[in-house]
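Take a look at the structure set out below.
The values are calculated or read from the model by the stated rules, or taken from the named source; none is laboratory data. Nothing here was measured: the structure is a model prediction, and the numbers come from that model. Note that each Cβ is placed from the backbone with ideal geometry, even for glycine, and that neighbours are counted across all protein chains shown.
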Amino acid sequence: MAVRAARELSDGDVVFVGIGLPNLACNLARATHAPNLVLIYESGAVGAVPDRLPVSIGDPALVTDSLGVASMADIFQFYLQGRRIDVGFLGGAQVDRYGNLNSTVIGPYSKPKVRLPGSGGACEIAVHAARVIVVAPLSPRSFPAEVDFYTSPGQAGKFGTRATLSLPGGGPTRIVTDVGILAPSVEDGELELVAVYPGIDPQAVVGKVGWPLRISGTLEPVPPPSAEELTLLRDVLDPEHLYL
Amino acid sequence: MAVRAARELSDGDVVFVGIGLPNLACNLARATHAPNLVLIYESGAVGAVPDRLPVSIGDPALVTDSLGVASMADIFQFYLQGRRIDVGFLGGAQVDRYGNLNSTVIGPYSKPKVRLPGSGGACEIAVHAARVIVVAPLSPRSFPAEVDFYTSPGQAGKFGTRATLSLPGGGPTRIVTDVGILAPSVEDGELELVAVYPGIDPQAVVGKVGWPLRISGTLEPVPPPSAEELTLLRDVLDPEHLYL
Amino acid sequence: MDMREAISRFVRDGDTLVIEGFTHLICFAAAHEIIRQQRRDLTLARLTPDLIYDQLIAAGCAKKLIFSWAGNPGVGSLHGMRRAVEQGEPQPLALEEYSHFGLVARLSAGAAKLPFWPLRDYRGSDLPAVNPLIRSVECPYTKEQLATVPALNPDVTVVHAQRADSNGNAQIWGLYGVQKEAAFAASRVIVVVEEIVPEPVIRADPNRTLIPGFIVDAVVCEPWGAHPSYAQGYYDRDNAFYVGWDAVSREANGLEAWLNEWVYGVGSRAEYVEKLGEDVVARLSAKPRISEGVNYGF
Amino acid sequence: MDMREAISRFVRDGDTLVIEGFTHLICFAAAHEIIRQQRRDLTLARLTPDLIYDQLIAAGCAKKLIFSWAGNPGVGSLHGMRRAVEQGEPQPLALEEYSHFGLVARLSAGAAKLPFWPLRDYRGSDLPAVNPLIRSVECPYTKEQLATVPALNPDVTVVHAQRADSNGNAQIWGLYGVQKEAAFAASRVIVVVEEIVPEPVIRADPNRTLIPGFIVDAVVCEPWGAHPSYAQGYYDRDNAFYVGWDAVSREANGLEAWLNEWVYGVGSRAEYVEKLGEDVVARLSAKPRISEGVNYGF
């Protein structure tokens, strides 16, 4: 998933990075096709070049040799709400048919089955980033037809569409999973399968989500991770195998 | 006036300083009875200890050896509107019977007789500082019954009183002139003569303002500038006689 | 002032307390002293409750938590907090939930003494439905609706900084978090530092000052006061501690035993650091990466 | 990029232009190039128009001025501006007036891409009566009325800074003014610096970075580009120039003669500095007051 997420980034993108796989993906992209990626962390590090894989989003390695440090008020007001962010990375315990994300609760809010950490900066990233890449392994439990709780808005949902809600950012544009990639359809914003990884049967993917998944007419081919990408990931970027 | 203004300051006061006489008064107070005065300039210098008399409010000498530098957004939002300022200094081309100040225009706004610089930070200093010391030489022209333009609110006026307007700061509490000191009466906020300098006849002061000036029942005695104060001012604080 | 006196004088039962620091400069030393002094019924506010509030909650100090992301970063749940919410142990804990931006905005409003702060957020989210304090306002120019949050004005904010002079003029480098906003929003401010430095050190580089001393009520010197969080240029984050906290805190008695040993069992931060041991201190001590000076002359 | 190209590519007739800097780091070099390239119908916004806008207005570049304090600090009036307002010479100038806080708030809203900014201000003042853009909003919590100003989003902002790398990551120390807000509010950003430094110099002290390079469209190296304003650590404010401007600008032909000699009469800032002469440069050059470094290690 890290390799596939890395390939979603273009050189020069200003990326709002979360910890874990997104961080790994950004560093892989920087080491390969996107050397001018600008990594911004909600903690305030701008243009970070961490020389170790950060365990937390506020790791000291993100500051040392970074291009700048901003207060969190500036990060959220001037960088994110100020529409300076090209790509935001998000995860979520649930992703629904329109890309709404739930990282708050499974079950009802007042009496949850599982209490998750909550929004953090996810809601505003989903509102403001020009495009949002979601990274999440595919399973029926985590891809229901509708999320239990709308933490971060997708392309459409019970409150309306992004257009009717006047949301400035593009919302989730790519959902990178362990078997393929989903993307919202141009017509109605519903996620459809746009790519599968080598050896994966598209029909087998359909059963893994909680709604009748459409398969895009133009299913993209996804080349497998190259030897260079794998070596970089395993030996250089995550030598302690924290995330792989 | 600088000596009299200096004496209005208490040790430890956090003072929002303007350039010119207020600056001189603050430095005199620091050199005499108020060594722990904290000088803050709207330009962003906090705890400044200028080693030369600054010509402008943003002089580099205000930064060198200061305790801190704040953005102007922080100065106005967190320091001033945040009610962290004990004393603000203001001047004005006109001061009226309730301490309203005009630094915008003489005559009508659309066709002024004299176009003055405008508010700068004066309006918000008058709104927020716990107390405001006004420094202005007394004359009928500059002390009319009502200002031509309300730049900075006094104790009361055509818009209401500070209480009805819910203004958080104390407004003008002392008007330091070249012949004596005016202060708002407790009853209605109208300025009355509360002190005259040695050798000044209170009755002669009355004719110098544009309203029937009341003389306080308890006219304070004002000792003349001491030799130490004069020496400090003339030889140390303003050796080039920029303001004296 | 030592930490005991600072907490004793400035933190009271029932207070709304903010100990901020986003990963960086989280003042565990103050939290531990609050636990030792058995403050009760605190409303705790922080973007990320982190282990510091997990400990305060487990120690029975808190009745309410205001937060935006409640987890052990990169590790998992905050078990102490969850026990309080789910089982009312050691006492029930009310939750008030925002996103990061929402809580940053609440502190910004508090610092600016404005009753609310506008933000473009929450449309398409369930958060306003579960938190009636998230409201909206109509723009007087465009007529569009914007979200609002109310000001948060803590009774006390504790700021950990790398250094300050004895008057509390505090300098921070590395991540700022919302320390400045939290300090200006508060009625009382406690500044805790790695070092007290002479005033000329502060004055030699005024652009590094984040908190002016005249808003500070107490200055406490407490080296390693942020461990297991970190202080850039002083010591690294103790990631192993964060990972290990999951096992320590998973059961109530494990967490209690930890508090008995590491909080109640020591009298001060100095004792805690001694107990931590030379190996940990050596492992976490910062290597030098000294920046160049700049010219403040004219 | 040189200044000629930066102005030619990024400043257009009819633009709303902000060249900020509160006393400190006012980019006269950019203004002079704009005059040389004869831009027209600009809307100029700045807290203090200062001599820089007095010159742009007298040169016929401006149709409107947005400001909060219009004077020559410590000296007197801005004669060029007054002639435009009072006599329509060389062309009429519309005025839009705020207080400092109001204009800071307009730029803050612009930077945050909010349509308005709330502030507790203007009650008891005539300013809202003469500026219909100062409005009010009702707090959704306390129901009180607060003043508002609308966002200001310049087409171009010019920021002068002490140094930047070649990508425009710009560092400022000394007074910040509203440079950061003005840059983030703008569609296009030109950064002008005293020195271009290698990227590692910026990365060695990231807390000094005020403007990130990725929002910057052009980086221009222009030593002494702020004269007669100043750059902390590089050169002092030329107070004598500010005082002398009163006599220079009192009559239209005096000001015009000055523009002919010092703006049209030189091709670049380098020529201006050469013409300024070694004595002035020596008199104003900053004496060293170097700060200590801090440790960014972990």
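Condition test on B:V135, is it in contact with a helix residue (DSSP H, G or I) (Cβ under 6 Å, 6 or more places away or on another chain) and of a type in the set (V, I, T)?
Values: in contact with a helix residue (DSSP H, G or I) (Cβ under 6 Å, 6 or more places away or on another chain): yes; of a type in the set (V, I, T): yes.
Yes.
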- Would you mind stating whether B:G160 is within 9 Å of chain D (Cβ to nearest Cβ) and within 13 Å of B:Q94 (Cβ to Cβ)? no
- Task: List the number of the failed condition for D:E256; all other conditions in (1) within 14 Å of chain A (Cβ to nearest Cβ); (2) within 28 Å of D:L78 (Cβ to Cβ) hold.
- Result: (1)
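Conditions (1) within 24 Å of A:Q77 (Cα to Cα); (2) out of contact with any Ser or Thr (no Cβ under 7 Å at 6 or more places or on another chain); (3) at pLDDT below 95; (4) not assigned by TED's automatic domain parsing to the domain that holds C:S68, marked per residue:
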residue	(1), (2), (3), (4)
C:C139	yes, yes, no, yes
C:T142	yes, yes, no, yes
C:Q145	yes, no, no, yes
C:A164	no, yes, no, no
C:N169	no, no, no, no
C:W173	yes, yes, no, no
C:E181	yes, no, no, no
C:I190	no, yes, no, no
C:E194	no, yes, no, no
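To keep it simple, each residue is scored yes or no on (1) free of Cβ contacts under 8 Å to residues at least 40 places away in the same chain; (2) not in a loop (DSSP other than H, G, I, E, B).
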position	(1), (2)
A:T164	yes, no
A:E220	yes, yes
A:E228	no, yes
A:L242	no, no
- Message: Please verify whether A:D74 is under 17 Å from A:R131 (Cβ atoms) and without any contact (Cβ under 8 Å) to a residue 40 or more places away in the chain, treating the condition exactly as stated.
- Response: no
- Query: Looking at region B:1-91, what strands (runs of 3 or more DSSP E) fall wholly within it and have at least 2 residues that are within 22 Å of B:V179 (Cα to Cα) and in contact with a strand residue (DSSP E or B) (Cβ under 9 Å, 6 or more places away or on another chain)?
  - Reply: B:87-90
- Filter region B:95-125 for residues that are more than 8 Å from chain D (Cβ to nearest Cβ), under 17 Å from B:G18 (Cα atoms) and in contact with an Asp or Glu (Cβ under 9 Å, 6 or more places away or on another chain) and give the result. B:N102, B:I125
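Got a sec? Which of C:A252, C:A218 is over 21 Å from C:T157 (Cβ atoms) and either in contact (Cβ under 8 Å) with a residue 40 or more places away in the chain or surrounded by 23 or more Cβ atoms within 10 Å (Cβ to Cβ) (or both)?
Numbers: C:A218 fails: over 21 Å from C:T157 (Cβ atoms).
Just one listed residue meets the conditions, C:A252.
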- Query: Residue check: is C:G293 buried (at least 16 other Cβ atoms within 10 Å of the Cβ), at pLDDT 95 or above and more than 21 Å from the chain's Cα centre (by Cα)?
  - Reply: yes
- Note on the structure: From the option list C:Q37, C:Q55, single residue qualifying as closer than 17 Å to C:E256 by Cα and either surrounded by 24 or more Cβ atoms within 10 Å (Cβ to Cβ) or not assigned by TED's automatic domain parsing to the domain that holds C:N253 (or both) is C:Q55
- Query: Checking C:S285 against (1) free of Cβ contacts under 8 Å to residues at least 40 places away in the same chain; (2) over 24 Å from C:R83 (Cβ atoms), which single condition isn't satisfied?
  - Reply: (1)
- Task: Taking only region C:174-206 into account, find how many residues are within 9 Å of another protein chain (Cβ to nearest Cβ), surrounded by fewer than 24 Cβ atoms within 10 Å (Cβ to Cβ) and not basic (K, R).
- Result: 5
- Expected output for region A:126-145 (first residue within 14 Å of another protein chain (Cβ to nearest Cβ), partner of a type outside the set (A, V, I, L, M) and not in a loop (DSSP other than H, G, I, E, B), Cβ below 7 Å, 6+ apart or cross-chain) is A:A126/A:S152; A:A129/A:F16; A:A129/A:G88; A:V132/A:G88; A:V132/A:P172; A:V132/A:T173
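Looking only at region D:141-167, count every residue that is outside any strand (DSSP E or B), buried (at least 18 other Cβ atoms within 10 Å of the Cβ) and either within 10 Å of another protein chain (Cβ to nearest Cβ) or touching a Cys at 6+ places or on another chain (Cβ under 8 Å) (or both) and tell me the total. Break it down into steps so the answer makes sense when it comes.
Initially, region D:141-167 is screened for residues outside any strand (DSSP E or B), giving D:141-144, D:151-155, D:165-167.
Still in the list and also buried (at least 18 other Cβ atoms within 10 Å of the Cβ): D:151-154, D:165, D:167.
Subsequent filtering for residues that are either within 10 Å of another protein chain (Cβ to nearest Cβ) or touching a Cys at 6+ places or on another chain (Cβ under 8 Å) (or both) retains D:151, D:165, D:167.
The total comes to 3.
Okay, residues lined up against (1) in contact with a Pro (Cβ under 9 Å, 6 or more places away or on another chain); (2) closer than 23 Å to B:V127 by Cβ; (3) not acidic (D, E):
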| position | (1), (2), (3) |
| --- | --- |
| B:S166 | no, yes, yes |
| B:G171 | yes, yes, yes |
| B:P184 | yes, yes, yes |
| B:A195 | yes, no, yes |
| B:G210 | yes, no, yes |
| B:T218 | no, no, yes |
- Residues that are under 16 Å from D:Q145 (Cβ atoms) and β-branched (V, I, T), drawn from region B:151-189: B:T164
- Item | Matching residues in region A:11-33 - criterion: being among the hydrophobic types (A, V, I, L, M, F, W, C) and surrounded by 20 or more Cβ atoms within 10 Å (Cβ to Cβ) | A:V14, A:V15, A:F16, A:V17, A:I19, A:L21, A:L24, A:A25, A:C26, A:L28, A:A29
- Message: Of everything in region B:53-66, what is surrounded by fewer than 24 Cβ atoms within 10 Å (Cβ to Cβ) and at the interface with another protein chain (Cβ under 7 Å from one of its Cβ atoms)? Give them in sequence order.
- Response: B:V55, B:A61, B:D65
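Does region D:90-112 contain at least one residue that is of a type in the set (F, W, Y), within 9 Å of chain B (Cβ to nearest Cβ), over 24 Å from the mean Cα position of the chain (by Cα) and buried (at least 20 other Cβ atoms within 10 Å of the Cβ)?
Let us first name the residues in region D:90-112 that are of a type in the set (F, W, Y), namely D:98, D:101.
Still in the list and also within 9 Å of chain B (Cβ to nearest Cβ): D:98, D:101.
Filter again for over 24 Å from the mean Cα position of the chain (by Cα), leaving none.
No, every residue in region D:90-112 fails to be of a type in the set (F, W, Y), within 9 Å of chain B (Cβ to nearest Cβ), over 24 Å from the mean Cα position of the chain (by Cα) and buried (at least 20 other Cβ atoms within 10 Å of the Cβ).
Residues that are among the polar types (S, T, N, Q) and not assigned by TED's automatic domain parsing to the domain that holds C:E33: does region C:79-90 have at least one?
Within region C:79-90, the subset among the polar types (S, T, N, Q) is C:87.
The next check asks that each one be not assigned by TED's automatic domain parsing to the domain that holds C:E33; those that pass are none.
Looking through region C:79-90, none of the residues is among the polar types (S, T, N, Q) and not assigned by TED's automatic domain parsing to the domain that holds C:E33.
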- Item | Residues of region A:41-61 that turn out to be of a type in the set (A, V, I, L, M), farther than 16 Å from A:P239 by Cβ and in contact with a Leu (Cβ under 9 Å, 6 or more places away or on another chain), as a count | 4
- Of these, D:G213, D:G233, D:G293, D:G277, which one is under 27 Å from D:I57 (Cα atoms) and among the small types (G, A, S)? D:G277
- Being away from chain C (no Cβ under 11 Å), among the polar types (S, T, N, Q) and in a loop (DSSP other than H, G, I, E, B) is the filter here, so list the residues in region D:225-251 that pass it. D:S229
- For region D:258-280, state whether one or more residues are part of a loop (DSSP other than H, G, I, E, B), at negative phi and in contact with a Gly (Cβ under 6 Å, 6 or more places away or on another chain). no
- Taking D:A31 as meeting all but one of (1) in contact with an Asp or Glu (Cβ under 8 Å, 6 or more places away or on another chain); (2) of a type in the set (A, V, I, L, M, F, W, C); (3) in the same structural domain as D:V220 (by TED's automatic domain parsing), write down the number of the exception. (1)
- Any idea which of (1) in contact (Cβ under 8 Å) with a residue 60 or more places away in the chain; (2) within 20 Å of A:I125 (Cβ to Cβ) is the one A:V46 doesn't satisfy? (1)
